[in-house]
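The values are calculated or read from the model by the stated rules, or taken from the named source; none is laboratory data. Bear in mind that the values here come from a model prediction, so they are computed numbers and not experimental data. Every residue, glycine among them, receives a Cβ derived from its backbone with ideal geometry; neighbour counts consider all protein chains shown. Each accessible area value is taken on the protein alone, full model and side chains, heavy atoms only, with ligands, DNA and RNA left out. Shrake-Rupley method; radii C 1.70, N 1.55, O 1.52, S 1.80 Å.
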Amino acid sequence: MPPIVSIVDVVKEYRLGKVVVPALQGVSLEVHPGEFISVAGPSGSGKTTLLNLIGCVDTATRGQVSVGGNDTGKLSERQLTSLRLDTIGFIFQSFNLVSVLTVYQNVELPLLLARRLDSAERRGRVNGLLEQVGIASHERHRPSELSGGQRQRVAVARALVTEPKLVLADEPTANLDSATGQNIIDLMKEMNRRKGTTFIFSTHDPKVMEHANAVIRLSDGRIAGRDLPRGPAEARA
Amino acid sequence: MISAFVVLVRIALRNLFASAINLVIGAIILFGTALVVVGGALLDSVDRAMSSSVIGSVAGHLQVYSAASRDELALYGDFGGEADLSPIQDFPKVKRALLSIEGVRKVVPMGINAALVASGNTVDLVLAELRELSNRKAKKETGLEGELEAQKQHVRQIIRVLRGDLEKSLAVMDKSAIEPEDLAALEQVSKDEFWAGFDRDPFGALEFLENRVAPQVSDADLLYLRYVGTDLGEFLRSFDRIRIVDGGPVPDGKRGFLFAKFFYEEGLKLKTARRLDKIHEALAQSGKKIAGDPVLERYVRENQSQTRDIVLQLGPEKTRLAIERLQRALLSKEQELSALLSSLFATDDSNFQERYRIFYEQVAPLLSLYRVRVGDTLTIKAFTRSGNVRSVNVKVYGTFAMEGLDKSPLAAAANLMDLMTFRDLYGFPSAETAEEISAMKAAAGAKEVDRSRAEEELFGGALVTQGSPVAIEESAVLGVRPRSRAEQLEDRVYTAEEIESGVVLNAAVLLDDAGRVPGVLRRIEELSGRERLGLKAVSWQKASGILGQMATAMKAALFFSAGIVFVIAMVIINNAMMMATLQRTQTIGTLRAIGAQRPFVLSMVLVETLVLGFLFGGGGALLGSLVMLLLGARGIPAFDDATYFFFSGPRLFPTLEVAQIAFALGIVTLVSIVSTLIPAVVATRVSPVVAMQAEE
Ligand SMILES: Nc1ncnc2c1ncn2[C@@H]1O[C@H](COP(=O)(O)OP(=O)(O)OP(=O)(O)O)[C@@H](O)[C@H]1O
Ligand SMILES: [Mg+2]
């Protein structure tokens, strides 16, 4: 099976006036469908930068990033947006729900943007997901009326509603207490198992890493290693 | 597509009430729309009121005049002077041609000119009457003794008052400030010998009185008398805003004069009475108070100090009556008339109405309130085009008001006279008058008056004389010419042909429909070119100068200020939307990250503004309509003369049209979209990367 993400010799530099900040310095990586991968590394090592490139919200300074077989460097802004809509789901550290919309409406939003399903299909899809992430009883609530864990569940549902091949999550548990964080990772893992969706998530938390199939260790913008996680997850995998 | 729109409207509606900034924008839009609706409707109503006033008073929809004229036509005067127009070549032909154009209803011939006339002072008037009586006596008329004696007594009364004044000033002032000749003259005419000699040489005595005594009373005003000479019958039928106030219309085809009511009141009414009227009006209509109002307080002071005009008007008998009545009304023991009048006019807010009533019920019947009365013959002296001074007598039939313009000094200063009299004054006398003049010249030996004498005659003469000079060059004839000739002229009825087949300077053209003005203007130009009529045609706005352009200018000024308001609103909305956008970069970035395209973000901001615009704009339109409905039902009272002028009457009943609401909504929508464009574009530039950055 071809890799869903393929990164070859990617360099990302940020320019702050005259100073060039190297965030990624020659990263190569392949991620295959169905993987549940954690990106780990100290603060400033380039985790978010890497996820941004994979998520097509930012472009590499040099090197090649392919997602779902598309060389992102060759796509227009519009095509990149379409690629994000169709192929990628996002889970954010601070949930990023649309505060004026209800839980149901937030989850439905990507489907409305995609315009592929009629309203009955949408309803079925959204309700099914709300059920799966265990937030169905709160579908009429506003994000502000939910706890952090509940919000992140809604975000997981929103990321999955278009049935993307790849879900990216940048520190999805950083704003949650550790028990709740565990729950979210469990939820993601479950979705990964049920639907075969590829997950790439970054984290500082070694406990969270344990759930991954593989841990990509970043250090100063380079890949320091690709390990199998230790602990119970290893046993499970 | 629809589903995406649904989510846009959903977000917009939700945001509407989630953000305080939106409420600020909403409030601006609400009041902006209400303002445009109300302002637009008011302006439109004012415009309509004013144009119908101007059109219906003298201008008509169009004016035509000779293309050969040196100046442009200025119906309401040209910087204080009169426009120099050449006469229309062949008016009957022009009229026929104009009437053949579709949409032209009436063509009214006119000519406008002005003369300086002296309003005369009381002493002049009394002496003129004495001279008239002496004249009649010299012609052996009998039974005049009683009248003559009463008139002499009146003159002696005047002399007593003047001497009293002079002596009072002698007591308080430096003697050198007083002309010794004045005092000597007064002393001489106070003597019984002077009056004993009067019967022997009345004209010598009169000359002394006229030259040495009358000039000591310097209250004669020079009046600038503007007049429109026209076919009076046709004029009154054609202009619906003209209303006869006193007297009646000039009978068709006759010579006659009608005073503009405003001019009559301002220029010819006894000043004291006029001031009382003005105070009365200010209190009654504008709800003002005398106390604290500098203008009204000044009127009261002037009335108290300027009682001499009244004192001089009254002969001994009437003086006695006036003293008696005032003593009773004011419960006073004061013996002196001027002191009694002073205390009568010492008015304040508590006693004004009573004093006003006392004046009109007790004092006014003893007085001539106007220098010229309806039914009198008015003598107008004017320079002809050739520079001669010509003097014409014409009977005053009444006064008229131009509805809506009746308080505008500019508009209401034009009086009306028949075209024949106008032509005589203008220097294009009718064939008949010309003949008469040459006959009289021959009879009088064509004696010319020298220049200095002519000036004196022009400016020093009393406004009303009973003699009827036709031209000042014939002053030798004065008093000799039989009165019946003037009466003949007065009774003569002119046919329409006679009226129209002489000099006409300009003509008002009235149409079926004001909307046809531009079309008819073009047709007149064409026709004039084809038939060599030598005409120039102008719209009523142009013909009426600043007056006609007032509404347009006001409109421009208001639209300009509305424009500024909108620019400010745009800046505020723009800033507010920008703030709202910046506050929402996280949301916008998230939307972009999860797959929303740029146009979606653009529409999101615009739809939000549109929803705001429709909601609050609709509310504003409703509010504005309600205000207009209220104003339309109750009318807006004019609170001063300027608003009276703009409202064309005491009250404006504005109307609201659907087009105005649509216009307001349109402009508000436009303004809000334009002012949101920049924030909307900025929103589309928000990068999806921001979604990944942790919220602060
Ligand atoms: N927009 C930016 N402009 C300039 N430098 C940036 C920008 N974003 C990241 N960097 C720099 O790039 C490097 C990598 O940053 P990145 O955010 O990818 O690290 P990270 O591993 O996600 O760190 P953290 O664990 O703190 O989230 C850092 O040195 C950072 O300062
Ligand atoms: Mg990071």
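Inspection of segment B:683-692 finds a residue satisfying the criterion of being away from ligand 2 (no atom under 16 Å from the Cβ), within 25 Å of A:Asn96 (Cα to Cα), assigned to a loop (DSSP other than H, G, I, E, B) and open to solvent by 70 Å² or more (accessible area, probe 1.4 Å).
Conditions tested, residue by residue: (1) of a type in the set (D, E, K, R); (2) within 16 Å of ligand 2 (Cβ to nearest atom); (3) under 16 Å from the mean Cα position of the chain (by Cα).
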{"position": "A:Thr48", "(1), (2), (3)": "no, yes, yes"}
{"position": "A:Gly63", "(1), (2), (3)": "no, no, no"}
{"position": "A:Val67", "(1), (2), (3)": "no, no, yes"}
{"position": "A:Leu75", "(1), (2), (3)": "no, no, no"}
{"position": "A:Arg84", "(1), (2), (3)": "yes, no, yes"}
{"position": "A:Phe90", "(1), (2), (3)": "no, yes, yes"}
{"position": "A:Gln93", "(1), (2), (3)": "no, yes, yes"}
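Scanning segment B:73-91 for residues that are open to solvent by 40 Å² or more (accessible area, probe 1.4 Å) and either more than 11 Å from B:Asn506 (Cα to Cα) or of a type outside the set (S, T, N, Q) (or both) turns up B:Asp78, B:Phe79, B:Gly80, B:Glu82, B:Asp84, B:Asp90. Of everything listed in (1) assigned by TED's automatic domain parsing to the domain that holds B:Leu8; (2) crowded, with 16+ Cβ neighbours inside 10 Å; (3) aliphatic (A, V, I, L, M), the single unmet condition for B:Ala553 is (2). Considering only segment A:11-26, I want to know if a residue exists there that is without any contact (Cβ under 8 Å) to a residue 40 or more places away in the chain and within 16 Å of ligand 2 (Cβ to nearest atom). Checked segment A:11-26: at least one residue is without any contact (Cβ under 8 Å) to a residue 40 or more places away in the chain and within 16 Å of ligand 2 (Cβ to nearest atom). Is there a residue being at the interface with chain B (Cβ under 8 Å from one of its Cβ atoms), away from ligand 1 (no atom under 16 Å from the Cβ), without any contact (Cβ under 8 Å) to a residue 40 or more places away in the chain and open to solvent by 40 Å² or more (accessible area, probe 1.4 Å) anywhere in segment A:56-72? Within segment A:56-72 (the criterion being at the interface with chain B (Cβ under 8 Å from one of its Cβ atoms), away from ligand 1 (no atom under 16 Å from the Cβ), without any contact (Cβ under 8 Å) to a residue 40 or more places away in the chain and open to solvent by 40 Å² or more (accessible area, probe 1.4 Å)), the answer is no, since none of the residues qualifies. For B:Leu558, the test of being within 29 Å of B:Gly60 (Cβ to Cβ), touching a Leu at 6+ places or on another chain (Cβ under 9 Å) and either assigned to a helix (DSSP H, G or I) or open to solvent by 50 Å² or more (accessible area, probe 1.4 Å) (or both) is passed. Among the residues in segment B:205-218, are any surrounded by 18 or more Cβ atoms within 10 Å (Cβ to Cβ) and under 18 Å from B:Tyr370 (Cβ atoms)? There is no residue in segment B:205-218 that is surrounded by 18 or more Cβ atoms within 10 Å (Cβ to Cβ) and under 18 Å from B:Tyr370 (Cβ atoms). Of everything in segment A:175-207 that is among the small types (Gly, Ala, Ser) and surrounded by 16 or more Cβ atoms within 10 Å (Cβ to Cβ), the residue that is nearest to ligand 1 (Cβ to nearest atom) is A:Ser202.
Restricting B:Glu187, B:Glu210, B:Glu179, B:Glu193 to residues that are charged (D, E, K, R) and under 38 Å from the mean Cα position of the chain (by Cα) narrows the list to B:Glu210. For the structure I just gave you, tell me whether A:Val10 is more than 20 Å from B:Thr590 (Cβ to Cβ), modelled with pLDDT under 95 and within 15 Å of ligand 1 (Cβ to nearest atom). So A:Val10 does not fit the description; no. Would you check if A:Ala40 is in contact with a Lys or Arg (Cβ under 6 Å, 6 or more places away or on another chain) and under 17 Å from A:Ala224 (Cβ atoms)? Spelling it out, A:Ala40 is indeed in contact with a Lys or Arg (Cβ under 6 Å, 6 or more places away or on another chain) and under 17 Å from A:Ala224 (Cβ atoms). Name the residue that is nearest to the other protein chains (Cβ to nearest Cβ), counting only residues in segment A:37-48 that are within 12 Å of ligand 1 (Cβ to nearest atom) and crowded, with 23+ Cβ neighbours inside 10 Å. Once the filter is applied, the top-ranked residue is A:Lys47. For A:Pro33, the criteria (1) within 16 Å of ligand 2 (Cβ to nearest atom); (2) within 19 Å of A:Ala212 (Cα to Cα) hold in every case but one, which is (1).
Tell me, which residue of segment B:10-55 that is under 22 Å from A:Val103 (Cα atoms) and open to solvent by 40 Å² or more (accessible area, probe 1.4 Å) is nearest to the other protein chains (Cβ to nearest Cβ)? Looking at the filtered set, the residue picked out is B:Arg14. Scanning segment B:258-269 for residues that are over 18 Å from B:Lys395 (Cβ atoms) and either under 13 Å from the mean Cα position of the chain (by Cα) or modelled with pLDDT under 90 (or both) turns up B:Phe262, B:Glu265, B:Glu266, B:Gly267.
Could you tell me whether any residue of segment B:265-272 is touching a helix residue (DSSP H, G or I) at 6+ places or on another chain (Cβ under 6 Å), buried (at least 16 other Cβ atoms within 10 Å of the Cβ) and of a type in the set (S, T, N, Q)? Yes. Is it the case that segment A:167-178 has a residue that's away from ligand 2 (no atom under 16 Å from the Cβ), within 14 Å of chain B (Cβ to nearest Cβ) and under 17 Å from A:Leu109 (Cβ atoms)? Yes - at least one qualifying residue is present in segment A:167-178. When each of A:Ala157, A:Ala136 is tested for being away from ligand 2 (no atom under 16 Å from the Cβ), closer than 17 Å to A:Ala114 by Cα and either open to solvent by 10 Å² or more (accessible area, probe 1.4 Å) or within 14 Å of another protein chain (Cβ to nearest Cβ) (or both), the lone residue that passes is A:Ala157. Within the option set B:Gly649, B:Gly632, B:Gly666, being at pLDDT 85 or above and open to solvent by less than 30 Å² (accessible area, probe 1.4 Å) holds for one residue only, B:Gly632. Would you say B:Ala596 is touching a Leu at 6+ places or on another chain (Cβ under 9 Å) and either surrounded by fewer than 20 Cβ atoms within 10 Å (Cβ to Cβ) or within 14 Å of chain A (Cβ to nearest Cβ) (or both)? In short, yes.
Every test in (1) among the hydrophobic types (A, V, I, L, M, F, W, C); (2) in contact with a Lys or Arg (Cβ under 7 Å, 6 or more places away or on another chain); (3) closer than 20 Å to A:Val167 by Cα; (4) facing chain B (nearest Cβ under 7 Å) is passed by A:Phe92 save one, and that test is (2). If the condition is being β-branched (Val, Ile, Thr) and in a helix (DSSP H, G or I), then segment B:523-550 contributes B:Ile524, B:Ile546. Here A:Leu101, A:Leu111 are screened, and the one residue that is out of contact with any Gly (no Cβ under 8 Å at 6 or more places or on another chain), within 9 Å of chain B (Cβ to nearest Cβ) and closer than 23 Å to A:Gly196 by Cβ is A:Leu111. Counting only helices (runs of 4 or more DSSP H) that sit wholly inside segment B:114-212, those with at least 1 residues that are at pLDDT below 80 are B:122-138, B:145-172, B:180-190.
Residues are listed down the side, and each one gets a yes or a no for (1) more than 17 Å from the chain's Cα centre (by Cα); (2) in a helix (DSSP H, G or I); (3) not assigned by TED's automatic domain parsing to the domain that holds B:Leu626:
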position	(1), (2), (3)
B:Leu23	yes, yes, no
B:Ala27	yes, yes, no
B:Phe31	yes, yes, no
B:Ala34	yes, yes, no
B:Gly39	yes, yes, no
B:Leu42	yes, yes, no
B:Ser45	yes, yes, no
B:Met50	no, yes, no
B:Ala74	no, no, yes
